[in-house]
Amino acid sequence: MATTQPAVRTGEELQELAKRHLWLHFARMGSYANNDMPIIVRGEGCHVWDEKGNKYFDGLSALFCVNIGHGRADVAQAGADQAKELGFFTNWTYAHPPSIELAARIAALAPGDLNRVFFTSGGSEAVESALKLARQYHKLTGHPNKTKVIAREIAYHGTTLGALSATGITNLREPFEPLTPGGCHVPNTNLYRLPEHMDPMDLAEAVAHRIEFEGPDTVAAVIMEPVQNAGGCFTPPEGYFQRIREICDHYNVLMISDEVICSWGRLGENFGAEKYNYQPDMITTAKGITSAYAPMGALIASDRVAEPFLEGHNSFLHGITFGGHPMAAAVAMANLDVFEDENLLDNVRTNEPLLRGMLESMKDIPIVGDIRGAGYFMALEMVKDQETKETFNGEECEELLRSFLSPELYKRGLICRADDRGDPVIQLSPPLIAGPDDFAEIHGVLRPILEEAADRMKVAGV
Ligand SMILES: Cc1ncc(COP(=O)(O)O)c(C=O)c1O
């Protein structure tokens, strides 16, 4: 059993200090003037508790991170044990055993010749590193003008300025423009809303078209998630990634699989590229690599991409002080032990149909439009009309998601994501230890809320 330190401060004191001093990420801070902040103080398995003692089902693994579940003090202990030996040394021109062992373990698990691991502190830095590596790789191999990156609309690839230029969410980009030049976007694989005249594989051809349009000599990389998170778990059509691979090879463009969410069991495999059977030149990962018991990310590069950097005086002119932090690396090793010892990938593969089935069972509620996703990474899209798939306008989304669903889900004990970066969706991404009882608990909260949402938005059945 995990233990937590007894709270030194009362809930009210925590609220007061938080409201005065803490800046929450992506949060409308003004909304906390008259409302309490959600303050999570403890976690165990699939559940967390707030400062008032309320219990929640963590249907989002605390932002797609806590894959092994909460309260695994044994995993954190691996970091403490490592600290007794070597609390910190950098990978900036030095190596140390924990990052060596972890790099070798990741290389053994990663598909094909993805054998070289560059550690970072998180996902945005992993993406930033991949984009910089792509640029420098092309400069070293005689293609200095290859600098652009092709990503997909509505995709989220992180917030640092380079990664943000790949992120395809207009309102996240606008406040920070001009961004790093070179970010280009193509349609995502929203198959639910695929225009009637289009074949799903046209979505892959759009990448070739864009490379031609930009000029093949100017394009360095394509970056895509195996299942696109933002917009609501867009899965690829059959053969999509194989065609993207061919296009990348044809134009000498590097293929980056952004698996900050989709690796480490989220889709039932160690890597999303394995799930869809393609071979990228680089994988970016973070979150589940340590199940968030320590902050860590990584860029995994193929031997081919690493090769020019191993010659003569060449070096990847990029570094991050905490990349490969020994305590984080030790935690990652312990986390991967849990994956193996407790067969977490099998648990996801076995129970995925039950999670999907639980969501599908709510299709009788008139507001439920589409259910999609893979593994323990699912979205439920809400519509005004199941037949026509008519969606909600901006004002209605505000009402549906922010005035009703988000606060109500939380009040009734379910942490999940109610999001409208594309069309409005509820996303679920539970810890990989979850099973049928947990799905029943999610269903118990979700069904009545969706029924009420349909009433509130005046969505009637057909
Ligand atoms: C696909 C993808 N890439 C990059 C990132 C950025 O990762 P981080 O928030 O760790 O910087 C995220 C974060 O959710 C992500 O989902």
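Each Lys and Arg contributes +1 and each Asp and Glu -1, all at the Cβ; summed about the Cα centre of the range 307-394, the dipole is approximately 260 debye. Taking the charge dipole of the chain about its Cα centre, with +1 at Lys and Arg Cβ atoms and -1 at Asp and Glu Cβ atoms, the residue from Ile247, Leu432, Asn115 reaching farthest to the positive side is Asn115.
Could you tally the net charge around Met201, taking each other residue with its Cβ under 12 Å from the Cβ of Met201, Lys/Arg +1 and Asp/Glu -1? Net of charged neighbours comes to -4.
The range 8-63 and the range 425-462 have Cα centres lying 22 Å from one another. Sequence-distant contacts, meaning Cα pairs under 8 Å at least 6 residues apart, place the relative contact order of the range 74-341 at 30 percent.
When each of the peptides 308-321, 197-210 is scored by the mean number of other C-beta atoms lying within 10 Å of its residues, the order from highest to lowest reads 197-210, 308-321.
Here the range 74-341 is treated with +1 on each Lys and Arg Cβ and -1 on each Asp and Glu Cβ, and its dipole about the Cα centre works out to around 540 debye.
The phi-based Karplus calculation (6.51 cos²θ - 1.76 cosθ + 1.60; θ = phi - 60°) puts the 3J(HN,Hα) values of the range 358-374 at 4, 5, 4, 5, 9, 5, 6, 7, x, 7, 7, x, 10, 10, 8, x, 8 Hz, whole numbers, x for Gly and Pro.
A simple charge model with +1 on the Cβ of Lys and Arg, -1 on the Cβ of Asp and Glu and nothing else charged puts the dipole of the chain at about 920 debye relative to its Cα centre.
Protection proxy ranking of 37-45, 328-336, by the mean of other Cβ atoms within 10 Å over each peptide's residues and highest first, is 328-336, 37-45.
Taken over the alpha carbons of the range 219-313 as equal point scatterers, the Debye sum produces base-10 log I(q)/I(0) values at 0.11, 0.14 Å⁻¹ of -0.34, -0.54. Considering only Ala286, Thr10, Met333, and ranking their Cα positions along the charge dipole of the chain that arises from unit charges at the beta-carbon of Lys, Arg, Asp and Glu, the one farthest toward the positive end is Thr10.
Note the direction-averaged projected area, equal to a quarter of the hull surface, for the Cα convex hull of the range 74-341, in nm². One quarter of the hull surface, i.e. the mean projection, equals 14.4 nm². For the range 1-96, averaging the sequence separation of C-alpha pairs within contact (under 8 Å, six or more residues apart) and dividing by the residue count gives a relative contact order of 22 percent. Computed over the range 16-158, the Cα gyration tensor eigenvalues convert (square root of 5λ each) into semi-axes of 35, 25, 16 Å, ordered from largest to smallest.
Here the chain yields Rg over Rh of 0.96, to two decimals, using C-alpha coordinates and the Kirkwood radius. Counted by neighbouring Cβ atoms within 10 Å, the residues Asp50, Asp341 run from fewest to most as Asp341, Asp50. In the chain, Cα pairs under 8 Å separated by at least six residues give a relative contact order of 21 percent. The range 154-233 and the range 372-412 have Cα centres separated by 23 Å.
A Förster radius of 45 Å, combined with the Cβ-Cβ distance separating Thr350 from Lys52, puts the computed FRET efficiency at roughly 0.80.
No value in this document is a laboratory result; all are computed from the given coordinates. Because the structure is a prediction, the values reported are computed rather than measured. Positions of Cβ are generated from backbone atoms using ideal geometry, with glycine treated the same way; all protein chains shown enter the neighbour counts.
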